[in-house]
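A short write-up of the structure that comes next.
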Amino acid sequence: MFHEKLRTLRQARNMSQVELAKRLGVTKQSVSNWENDNIQPSIEMLVRIAAVFAVSTDYLLGIDAIRAINVSGLPEEIIAHLSQLVEDFRQSLG
């Protein structure tokens with residue numbers, strides 16, 4: 001559900017509702033209402049939220065469960081290193 005994904009993404013970045021609201025140009029109350037599933041953001045705002053968290057709108061809406069990291073512009077060696085880090089984390093979690 002959108003409200004759960006939004007809260008999880010925000011908290012994972014140690015971002016307060018106030019900080020997110022400032023980045024999006026909305027009030028803290030708007031963020032709170034989204035996270036409490038009282039209202040849904042506009043399509044335009046959904047796109048802005050996705051950009052802040054570097055995820056797709058499909059991910060935010062629960063249509064696509066796969067998260068991707070944009071590595072365009074990075075050298076192949078760094079991409080390989082990032083891939084290895086992700087795999088290491090997966091193995092350590094179990």
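The values are calculated or read from the model by the stated rules, or taken from the named source; none is laboratory data. Nothing here was measured: the structure is a model prediction, and the numbers come from that model. Here the Cβ positions follow ideal geometry from the backbone for every residue, glycine too, while neighbour counts run over all protein chains shown. All accessible areas refer to the heavy atoms of the entire protein, side chains included, with ligands and DNA or RNA removed. Shrake-Rupley method; radii C 1.70, N 1.55, O 1.52, S 1.80 Å.
Annotations for the structure displayed:
- Of all residues making up the stretch 64-83, the number that are touching a Ser or Thr at 6+ places or on another chain (Cβ under 9 Å) and closer than 25 Å to ALA21 by Cβ: 1
- Top-ranked residue of the stretch 70-85 - restricted to ones that are surrounded by 10 or more Cβ atoms within 10 Å (Cβ to Cβ) and closer than 22 Å to VAL52 by Cα, ranked as modelled with the lowest pLDDT: VAL71
- Among (1) under 29 Å from SER83 (Cα atoms); (2) in contact with a helix residue (DSSP H, G or I) (Cβ under 7 Å, 6 or more places away or on another chain); (3) surrounded by 14 or more Cβ atoms within 10 Å (Cβ to Cβ) - the single one MET15 does not satisfy: (2)
- Whichever residue in the stretch 47-69 is surrounded by 13 or more Cβ atoms within 10 Å (Cβ to Cβ) and in a loop (DSSP other than H, G, I, E, B) and, among such residues, is modelled with the lowest pLDDT: ASP64
- Which listed residue, of SER92, SER83, SER32, SER72, is hydroxyl-bearing (Ser, Thr, Tyr) and either part of a loop (DSSP other than H, G, I, E, B) or touching an Asp or Glu at 6+ places or on another chain (Cβ under 8 Å) (or both): SER72
- In the stretch 41-53, the residues that are more than 15 Å from SER30 (Cα to Cα) form Cβ pairs under 6 Å with partners that are modelled with pLDDT of 95 or more and open to solvent by 60 Å² or more (accessible area, probe 1.4 Å), at six or more places apart or across chains, as follows: VAL52/ARG23.
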